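The values are calculated or read from the model by the stated rules, or taken from the named source; none is laboratory data. Note that this is a predicted model, so its numbers are computed, not measured. Cβ: placed from backbone, ideal geometry, glycine included. Neighbour counts: every protein chain shown. Side chains are part of the model used for accessible areas, which takes the heavy atoms of the whole protein and leaves out ligands, DNA and RNA. Shrake-Rupley method; radii C 1.70, N 1.55, O 1.52, S 1.80 Å.
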Amino acid sequence: MKVILLADVKKVGKKGETVTVSDGYGANFLIPKGLAKPSTSASQKELARDNAAEEARQIALKKEAEEVRDRLAHINVEFKAKVSSDGRMFGTISTKEIAEGLEKQWGIKIDKRKFIDKYPANAIGYTRLKIELYKGSQGQVVGTVNVHISEEK
(Lines give C-alpha, C1' and ligand atoms only; values in the text may rest on other atoms or scores of the structure.)
Protein backbone atom coordinates (compact mmCIF):
# COMPACT_ATOMS: atom_id res chain seq x y z
CA MET A 1 0.00 0.00 0.00
CA LYS A 2 1.35 3.42 -0.95
CA VAL A 3 0.74 6.22 1.56
CA ILE A 4 1.77 9.85 1.95
CA LEU A 5 3.13 10.55 5.42
CA LEU A 6 1.54 13.47 7.26
CA ALA A 7 4.13 13.38 10.06
CA ASP A 8 7.58 11.91 10.65
CA VAL A 9 7.25 8.19 11.46
CA LYS A 10 10.24 6.42 12.96
CA LYS A 11 11.76 3.77 10.68
CA VAL A 12 9.21 4.59 7.93
CA GLY A 13 9.95 8.08 6.61
CA LYS A 14 9.64 11.83 6.96
CA LYS A 15 6.63 14.08 6.55
CA GLY A 16 5.60 14.55 2.92
CA GLU A 17 7.27 11.40 1.60
CA THR A 18 5.39 8.76 -0.37
CA VAL A 19 6.29 5.32 0.99
CA THR A 20 5.15 1.75 0.52
CA VAL A 21 4.03 -0.02 3.70
CA SER A 22 2.19 -3.27 4.36
CA ASP A 23 -1.58 -3.13 3.89
CA GLY A 24 -2.34 -3.87 7.56
CA TYR A 25 0.15 -1.29 8.92
CA GLY A 26 -1.23 1.40 6.63
CA ALA A 27 -4.94 0.63 7.06
CA ASN A 28 -4.92 -0.25 10.77
CA PHE A 29 -2.29 2.09 12.21
CA LEU A 30 -0.98 4.92 10.04
CA ILE A 31 -4.25 6.13 8.48
CA PRO A 32 -6.49 5.89 11.61
CA LYS A 33 -3.84 7.67 13.74
CA GLY A 34 -3.65 10.51 11.18
CA LEU A 35 0.00 9.80 10.41
CA ALA A 36 -0.61 9.07 6.72
CA LYS A 37 -3.21 9.17 3.97
CA PRO A 38 -3.62 6.90 0.95
CA SER A 39 -1.58 7.90 -2.08
CA THR A 40 -3.98 8.86 -4.86
CA SER A 41 -3.59 11.23 -7.79
CA ALA A 42 -5.59 13.89 -5.90
CA SER A 43 -3.47 13.54 -2.77
CA GLN A 44 -0.27 13.67 -4.87
CA LYS A 45 -1.45 16.97 -6.41
CA GLU A 46 -2.28 18.29 -2.94
CA LEU A 47 1.19 17.25 -1.72
CA ALA A 48 2.84 19.05 -4.64
CA ARG A 49 0.79 22.19 -3.90
CA ASP A 50 1.72 22.04 -0.20
CA ASN A 51 5.41 21.58 -1.07
CA ALA A 52 5.31 24.62 -3.36
CA ALA A 53 3.66 26.72 -0.64
CA GLU A 54 6.27 25.60 1.91
CA GLU A 55 9.07 26.43 -0.52
CA ALA A 56 7.64 29.94 -1.01
CA ARG A 57 7.38 30.37 2.77
CA GLN A 58 11.02 29.31 3.22
CA ILE A 59 12.16 31.80 0.57
CA ALA A 60 10.26 34.58 2.38
CA LEU A 61 11.80 33.60 5.74
CA LYS A 62 15.29 33.64 4.25
CA LYS A 63 14.73 37.05 2.67
CA GLU A 64 13.51 38.43 6.01
CA ALA A 65 16.58 36.97 7.78
CA GLU A 66 18.88 38.59 5.21
CA GLU A 67 17.23 41.98 5.87
CA VAL A 68 17.76 41.55 9.62
CA ARG A 69 21.41 40.55 8.98
CA ASP A 70 21.94 43.75 6.97
CA ARG A 71 20.40 45.85 9.77
CA LEU A 72 22.56 44.16 12.42
CA ALA A 73 25.74 45.01 10.51
CA HIS A 74 25.21 48.75 11.13
CA ILE A 75 24.11 48.86 14.77
CA ASN A 76 25.62 48.54 18.23
CA VAL A 77 23.79 47.30 21.30
CA GLU A 78 24.85 49.48 24.24
CA PHE A 79 25.28 48.28 27.83
CA LYS A 80 26.75 49.84 30.96
CA ALA A 81 28.54 47.76 33.58
CA LYS A 82 30.28 48.30 36.86
CA VAL A 83 34.06 48.08 36.75
CA SER A 84 36.50 47.28 39.56
CA SER A 85 39.47 49.49 40.38
CA ASP A 86 41.81 47.33 38.32
CA GLY A 87 39.62 47.70 35.19
CA ARG A 88 37.83 44.35 35.19
CA MET A 89 34.09 44.15 34.74
CA PHE A 90 31.80 42.82 37.47
CA GLY A 91 29.60 40.06 36.07
CA THR A 92 28.77 39.43 32.42
CA ILE A 93 26.20 40.38 29.80
CA SER A 94 24.39 37.16 28.83
CA THR A 95 22.87 36.30 25.46
CA LYS A 96 19.44 36.75 27.03
CA GLU A 97 20.30 40.33 28.01
CA ILE A 98 21.72 40.99 24.54
CA ALA A 99 18.52 39.69 22.92
CA GLU A 100 16.45 41.91 25.23
CA GLY A 101 18.71 44.88 24.48
CA LEU A 102 18.28 44.34 20.73
CA GLU A 103 14.52 44.38 21.13
CA LYS A 104 14.43 47.44 23.42
CA GLN A 105 17.00 49.56 21.60
CA TRP A 106 16.40 48.59 17.96
CA GLY A 107 13.10 46.67 17.80
CA ILE A 108 14.78 43.51 16.48
CA LYS A 109 13.39 40.38 18.10
CA ILE A 110 15.83 37.47 18.21
CA ASP A 111 15.62 34.32 20.30
CA LYS A 112 18.51 33.96 22.76
CA ARG A 113 19.01 30.34 21.62
CA LYS A 114 19.93 31.52 18.10
CA PHE A 115 23.32 32.83 19.25
CA ILE A 116 26.11 30.67 17.83
CA ASP A 117 28.70 32.15 20.19
CA LYS A 118 27.42 30.97 23.56
CA TYR A 119 29.98 32.85 25.61
CA PRO A 120 28.76 35.99 27.42
CA ALA A 121 30.20 39.44 26.84
CA ASN A 122 32.44 40.09 29.84
CA ALA A 123 34.88 42.81 28.85
CA ILE A 124 34.66 46.57 28.49
CA GLY A 125 34.66 47.58 24.83
CA TYR A 126 33.25 45.94 21.73
CA THR A 127 32.31 42.29 21.39
CA ARG A 128 31.01 40.65 18.21
CA LEU A 129 28.64 37.70 18.52
CA LYS A 130 27.29 35.56 15.67
CA ILE A 131 23.58 34.80 15.39
CA GLU A 132 21.97 32.11 13.24
CA LEU A 133 19.04 34.01 11.76
CA TYR A 134 17.81 31.31 9.37
CA LYS A 135 18.53 27.66 8.77
CA GLY A 136 16.46 25.61 6.39
CA SER A 137 16.07 24.23 2.91
CA GLN A 138 17.33 27.48 1.37
CA GLY A 139 20.64 27.43 3.24
CA GLN A 140 21.78 29.36 6.29
CA VAL A 141 21.90 33.06 7.16
CA VAL A 142 24.29 34.16 9.91
CA GLY A 143 24.40 37.72 11.22
CA THR A 144 26.78 39.48 13.59
CA VAL A 145 25.70 41.75 16.43
CA ASN A 146 28.10 44.32 17.89
CA VAL A 147 27.84 44.68 21.65
CA HIS A 148 29.39 47.77 23.22
CA ILE A 149 29.95 47.70 26.98
CA SER A 150 30.96 50.94 28.63
CA GLU A 151 31.88 51.78 32.21
CA GLU A 152 29.04 52.78 34.50
CA LYS A 153 29.93 55.90 36.46
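Determine the gain in length on full extension of the stretch Thr92-Gln140; use 0.36 nm per residue of separation and subtract their C-alpha separation, reporting nm with one decimal.
My answer for the length gained is 14.4 nm.
Expressed as an acute angle from 0 to 90° and rounded to the nearest 10, what is the orientation of the C-alpha long axis of helix 41-72 relative to the principal long axis of the chain?
10 degrees
Nearest 10 degrees, 0 to 90: what angle lies between the long axis of helix 95-106 and the longest principal axis of the chain (Cα atoms)?
Approximately 80 degrees, to the nearest 10.
To the nearest 10 square angstrom, what accessible area does Arg49 show with a 1.4 Å probe?
Rounded to the nearest 10, that gives 150 Å².
Please find, in a Gaussian network model of the chain (springs between Cα atoms separated by less than 10 Å), the residue of Val77, Val19, Val142 whose mean-square fluctuation is greatest.
Val19
Over the range 19-94, what portion of Cα pair distances is larger than 14 Å, expressed as a whole percent?
More than 14 Å apart: 79 percent of the Cα pairs in the range 19-94.
Rounded to the nearest percent, how much of the accessible area of the range 7-143 (1.4 Å probe, protein heavy atoms only) is carbon and sulfur?
Summing carbon and sulfur atoms, their accessible area is 51 percent of the total for the range 7-143.
Roughly how large, in nm² to one decimal, is the mean projection of the convex hull of the alpha-carbon atoms in the chain?
In nm², the orientation-averaged hull projection of the chain is 12.3.
Run through the range 60-117 and list the chymotrypsin sites (Phe, Trp or Tyr not before Pro) located in a DSSP loop whose Cβ has at most 13 other Cβ atoms within 10 Å.
In loop regions of the range 60-117 (DSSP not H, G, I, E or B), the sparsely surrounded chymotrypsin sites (Phe, Trp or Tyr not before Pro) are Phe90.
Given the -39500 (n - 2.57) contribution per DSSP H run of 4+ residues, what per-residue ellipticity at 222 nm results for the chain, rounded to the nearest 500 deg cm²/dmol?
Helix contribution divided over all residues of the chain: -10000 deg cm²/dmol.
Please report the equivalent ellipsoid semi-axes of the range 1-55, computed as sqrt(5 x eigenvalue) of the Cα gyration tensor, largest first, in whole Å.
19, 12, 9
If each residue of separation counts as 0.36 nm, what is the full-extension length gain between Ser43 and Val83 once their alpha-carbon separation is subtracted?
7.9 nm
Keeping all protein chains in place and using 1.4 angstrom, which order do Tyr126, Tyr119, Tyr134 fall into by accessible surface area, from largest down?
So, going from the largest accessible area down, we get Tyr126, Tyr119, Tyr134.
Taking only protein heavy atoms into account and a 1.4 Å probe, give the accessible area per residue of the chain in Å².
Here the residues of the chain average 66 Å² of exposed surface.
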